[in-house]
Structure formats: C-alpha cells, structure tokens
Amino acid sequence: MSLRIDVLTLFPGMFESPFAESIVARARAAGQLDLAVHDIREWTTDRHHVVDDAPYGGGAGMVLKPEPLTRAIRATRGEKSHVVLMSAQGALFDQAAARRLSRLRHLVIVCGHYEGIDERVVEKEVDEELSIGDFVLTGGELAAMVVIDAVTRLVPDVIEAESLTHESHTDGLLEGPVYTRPEVWRDRPVPRVLLSGNHAAIARWRRDEALRRTAARRPDLLVALPIDAFDEHDRAVLEEAGFRLPGPGVAP
C-alpha cells in the first residue's frame, strides 16, 4: 500500500530540504509515499497572482481568497481524497489521528496562512481541520510537515512493524528508557534485567518503566485510558510512583 499526499501552500520551497532526508525521503524513493507540493498561486487568474484580500468587517491582516484555493483543492483531490486544513482552530493532531490518516490512499493538506482562509472554503471543500498544538504559527507549513512525517512512518513497511509497537503513545503510554553499548558509561550501568535474556522479565520491566514515566510526565494520558487497561501489578507500580488510579466504576 502506498500513500499519496498533495500539499497546497504559498511557500513550496519550505518543503524541499526536510523531505529530502531521512525516513520520508526513503519512503518516497521506495514508492511508499507519493508526495507533491503545489503553489496555490498556480491557480490564480490575475496577472499579479493575488491570493489574499482584506477581511470583511475590518481588522488586521489578510485572508486567503476563496477562488484560487478552491480551484487548487478541486484540481488535486479525487473521489476518495481526504482534505485536511492545518489550522490553529483544528482538532488536536495526535498518534490516533496519525494512524487514521496513514490508512488513507490520498491526503490533500492545505496550509493556511495570514489571518486564515475564507470560511466558505472550509465549509465546502475541507473535510477536517487539524492543529499540532495550542499555539499559533506564521503558517500551516511547519504543521503540515509534522503531520506528513508522523503519518508517513505509519504507512505499512516504511518502518519495521516491531519498532512501532514499542514507542511512546502506541498503547497510550510514554515509552520507558532505552540503552545501548557500552554496558557501563560514566559509572552508570545498564539495568541488569536488560542483560538477563529473560524476555518476560524484560517486557515487565519495560511496562513498569513506561507506567512510571507516564505518571511523572503525562499523568493525563493515564486518566484517559480505560480502567481495564491496568492489572493489579500496574496499579501497584503507579501507586508506588505516587499516582492513584480510580477504582472500577469510579470516575477519574
């Protein structure tokens, strides 16, 4: 399975370097990702290629005009395409959203800019608005890059499947600490359990460390998980870490 992504932006040059390296570049070379970046100005019809205008009602800044952007979206989307607008007002992009988008065949990502885009385009042409956090960027380009990177690595065979099962947010927890050679560095040894060859004990240690790290850094993730996601051992580890889960049937 491969994924096609079309990006609509006013600044296509921003995408050249980031996607010429690393996993996204390898996915493109292997035919697993078909990525095309388009300049919205290509769909203007005036001699100056104007894409923005002042907002009705007054106020600072400029708004992306509906005509060229609508033409751009309709020229790139197909029957089964999914159009995403990167917007500070969108739903929070997370690992679940990345997994969902990675299962699509064609994604069109619109990079908002200035004060935003004409609302009539959002209503008629956009399937979903996404945000990468509660802050404002100068445009949707950097946010689009984040989405493309997160989605591409989940496309089948882009990354070894086993690697994806042991990382932060896969099961709702943060990943615990990882180690490599040397066995002792600056008087700090690798935890002995990781050298034991006991796969069950290693899996239990990794689960415990993931629970401790999540409790310390992102307790909100624990609260969001269903009660039956934790066994008695998990609860004991969390209580030792200073985090108490609600009991069955008790709201957090």
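The values are calculated or read from the model by the stated rules, or taken from the named source; none is laboratory data. Predicted, not measured: the structure shown is a model, and the values here were computed from it. Here Cβ is always computed from backbone atoms with ideal geometry, including for glycine, and neighbour counts include all displayed protein chains. The protein model used for the area step is the full one, side chains on, heavy atoms only, and it has no ligands, DNA or RNA in it. Shrake-Rupley method; radii C 1.70, N 1.55, O 1.52, S 1.80 Å.
A compact table of results
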| quantity | calculated |
| --- | --- |
| Using a Förster distance of 30 Å, the FRET efficiency for GLU240-VAL146 (Cβ separation, nearest 0.05) | 0.30 |
| Portion, in percent, of the accessible area of the stretch 1-60 that falls on carbon or sulfur, probe 1.4 Å | 51 percent |
| Percent antiparallel among DSSP beta bridges (both partners in the chain, rounded to 5) | 20 percent |
| Accessible-area value, HIS48, 1.4 Å probe, nucleic acids and ligands omitted, Å² | 140 Å² |
| Gained length - ASP127 relative to ILE23, 0.36 nm times residue gap less alpha-carbon distance | 34.7 nm |
| Computed lengthening from HIS49 to ILE159, 0.36 nm per intervening residue step minus Cα-Cα distance | 35.5 nm |
| Top of LEU92, LEU195, LEU211 by mean-square fluctuation, Gaussian network on the chain, Cα under 10 Å | LEU195 |
| Excluding exposed DSSP-loop GluC sites (Glu not before Pro) (at most 15 other C-beta within 10 Å), longest clean stretch of the chain | 184-252 |
| Accessible area (Å², per residue) of the chain, counting only protein heavy atoms and a probe of 1.4 Å | 60 Å² |
| Contour excess over end-to-end distance, with Cα ends at HIS169 and ALA91 and 0.36 nm allotted per residue | 26.3 nm |
| Solvent-accessible area of ARG100 with every protein chain in place, 1.4 Å probe, in Å² to the nearest 10 | 100 Å² |
| Accessible surface of the stretch 84-132, 1.4 Å probe, proportion on carbon and sulfur as whole % | 43 percent |
| In Å², nearest 10: area of ASP53 left accessible to a 1.4 Å probe | 80 Å² |
| Percent RCO, i.e. relative contact order, over the chain, from Cα pairs under 8 Å lying at least 6 residues apart | 17 percent |
| Placed amide H near HIS169: partners under 5 Å, 5+ positions off or other chain | LEU174, GLU175 |
| Alpha-carbon centroid distance for the pair the stretch 168-223 / the stretch 27-83, whole angstrom | 44 Å |
| Charge sum, other residues only, whose C-beta stays under 10 Å from ALA36's C-beta, Lys/Arg counted +1 and Asp/Glu -1 | -1 |
| Cα→Cβ-extended label distance, 7 Å offset, between PHE11 and GLU119, nm | 2.7 nm |
| The chain: most fluctuating residue of PRO182, PRO156, PRO66 per GNM, C-alpha cutoff 10 Å | PRO182 |
| Rough spin-label spacing in nm, given labels placed 7 Å along Cα→Cβ, for ASP34 and GLU183 | 5.2 nm |
